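To keep things clear, I will list the structure first and then write my remarks on it.
Please treat every number below as a calculation from the coordinates, not as lab data. Here the structure is a predicted model, which means the values were calculated and not measured. Glycine gets a Cβ as well: all are built from the backbone with ideal geometry, and neighbour counts include every protein chain shown.
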Amino acid sequence: MSELDRDVDVVVLGMGPGGEHAAGSLAEAGLAVAAVEAHLVGGECPYWGCVPSKMMIRAADLVTEGRRIPGMAGRSEVTPDWAPVARRIRDEATDNWDDKVAADRFTGKGGILVRGHGRITAPGEVTVTPVPGRHGNAEPRLLRARKGIVLATGTTAAVPPIPGLAGTPFWTNHAAIETEQVPESLVVLGGGAVGSELAQVFARFGSRVSVAEGLSRLLPLEEPEAGNLLAGVFEREGITVRTGHPAARVTHSAAGGFTVTLDGGEDLTGEALLVATGRRADLPGLGVGVVGIDETLKAVPVDEHMRAAPGVWALGDVTGKGAFTHMSMYQAGIVIGDILGREHHGAEYHAVPRVTFTDPEVGGVGLTEAQARERGMQVRTATVPVPESARGWIHKAGNDGFIKLVEDCGRGVLAGATSAGPCGGEVLSALAVAVHAAVPVQRLREMIYAYPTFHRAIEAALDGLGPQARGCAPCDQARLPQAQA
Ligand SMILES: Cc1cc2nc3c(=O)[nH]c(=O)nc-3n(C[C@H](O)[C@H](O)[C@H](O)COP(=O)(O)OP(=O)(O)OC[C@H]3O[C@@H](n4cnc5c(N)ncnc54)[C@H](O)[C@@H]3O)c2cc1C
């Protein structure tokens, strides 16, 4: 054992939001904690994910709001400038991609930070190898964990094996967030949350943007109405949207940029290409086979206490339960409770909230209609457009959206809901409470909804569900015409 090797209570692998929360809290509780980080303490969210992307979105929304002034509040001439956006990301969000503040925050709680790539090499044992080019010529180190190991290693951008793509200077979210320039034109591969958010940002800053989604609609994991709504808004804003045709080939030249050929033969061209086709966890790189976990899986399987194997916990994106910072923090809370032997609730996933911060914002919670039906629930749904709400009429512009409710008729509660529109993610909170706490739909009907808010559209959607369901049988027939809009 070298003098750098350590025996500790807990080794946390990966210091993204969940790993940082777990490692810091366990250290504050008095345990000896070693945290291993291969790159930056804080992980994807503050440096290349949630925080900087939302700064970009805030800027892009301001540009668009400014352009809505004519006809409502005077005259406006908006000249978008990327320089302040890039500067805010560099200086305010990421400290120029420097994690000193976060690292000091952890060591200030008594934790030991070990830089390098960690891998389980025996039960209760992690070997840390310095990352070439990042951690100099440091020696590998051995960490032994008396209580256990927490896997919080997240995911990285998945790059699909499209002929011609490998070896080209394509962007993932890292380069897109770090860019100092808006490309003259951009092809975005993938119309999920990340692809859609970034596509709209760059388009609003003047780039000619095309989005190619291989599945049949944008935001394929959300209600079909959400993807269709977004496609309409994108087309109106000048973004080319192509769905249902996966990319078949990519070519690149220094002079001509990128050409993405879709499987129908159409070419999309761009100075830059953003690959936003999902995320992947590296189970073989973590050595989880040593503790009996199948390394061919896409995610580390966990029970309700986030236990993955004896003496091993996992949390965050690597568990595949939802790639959100709030999920990682939620699961970290369970890990902390379990390791400290505190009474804690087991993980529940029936009311996972998710928000795509496009304009309109798309919030979803619980099951979509299709998921509820796949589970054999008898459901009825109602969908009401937001622009018809009083607030939508008052606002006049930028109100595209809808509320969709999915009722589990057997229980008389909402199984899921979608809130798309202005502040759709904020409006979602009321629906998230309803789904989480299984509030009876009848009780929701009896609530008072403030006038003239956007969330008042929830009341109209509840009306759209029809009269109180009695048992399952009448539900599907009880769908009102507007409920199927
Ligand atoms: C563009 C973009 C926008 C996003 N926006 C949102 C949003 O608005 N809201 C939201 O909730 N989520 C958002 N997300 C998702 C969010 O960033 C992730 O869900 C979150 O960061 C996951 O946290 P995590 O704790 O699993 O770890 P991660 O943040 O993935 O961090 C894992 C850390 O582990 C380290 N690591 C990996 N392997 C090893 C190893 N073997 N040894 C040592 N260290 C290792 C990595 O270097 C990394 O620092 C966004 C993601 C992207 C890409």
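At most 16 other Cβ atoms within 10 Å and a DSSP loop assignment: could you name the trypsin sites (Lys or Arg not before Pro) in segment 119-152 that fit? In loop regions of segment 119-152 (DSSP not H, G, I, E or B), the sparsely surrounded trypsin sites (Lys or Arg not before Pro) are 134. Close amide-amide hydrogen proximity is noted between residue 113 and 35, each under 5 Å apart and 5 or more residues distant or on a separate chain (H modeled in the peptide plane; Pro and chain starts excluded). Taking Cα atoms only, the orientation of helix 193-204 departs from the longest principal axis of the chain by about 70 degrees.
Around the Cα centre of the chain, unit charges on the Cβ atoms of Lys, Arg, Asp and Glu (plus for the first two, minus for the last two) sum to a dipole of about 540 debye. Which of the lysines could be linked to residue 321 by a straight reach, that is with a Cα gap under 18 Å, when you skip same-chain ones fewer than 8 residues away? Residue 321 reaches 298. Once the gyration tensor of the Cα atoms in segment 173-277 is diagonalised, the equivalent ellipsoid follows with semi-axes of 20, 16, 12 Å, ordered largest first. Listed by chain and number, the lysines whose alpha-carbon sits under 26 Å from that of residue 100, ignoring those within fewer than 8 places in the same chain, are 54, 109. In whole Å, how far is the Cα centre of segment 243-303 from that of segment 1-76? Between the Cα centres of segment 243-303 and segment 1-76 lies a distance of 23 Å. Shown here is the pair-distance distribution of the chain: with all Cα-Cα distances grouped in 20 Å bins from zero up to the longest one, the shares run 22, 51, 26, 1 percent. Based on the convex hull around the alpha carbon atoms, segment 297-336 presents an average projected area of 2.6 nm². For segment 222-338, the residue among 276, 330, 318 whose Cα projects farthest onto the positive side of the dipole built from Cβ charges is 318.
Normalising the average separation of contacting C-alpha pairs (under 8 angstrom, six or more residues apart) by the number of residues puts the relative contact order of the chain at 13 percent. Residue order for 185, 207, fewest other beta carbons within 10 angstrom first, comes to 185, 207.
Amide H contacts of residue 42 (H built 1.01 Å from N, in plane; Pro and chain starts excluded): 15, 16 sit under 5 Å, all sequence-distant by 5 or more or on other chains.
May I ask for the distance between the Cα centers of segment 319-372 and segment 156-216, given as a whole number of Å? One Cα centre to the other: 26 Å. Annotation: the residues 91, 317, 282, sorted from fewest to most other C-beta atoms within 10 Å of their own C-beta, follow the order 91, 282, 317. Sorting 48, 97 by the number of Cβ atoms found within 10 Å of their own Cβ, with the fewest placed first, yields 97, 48.
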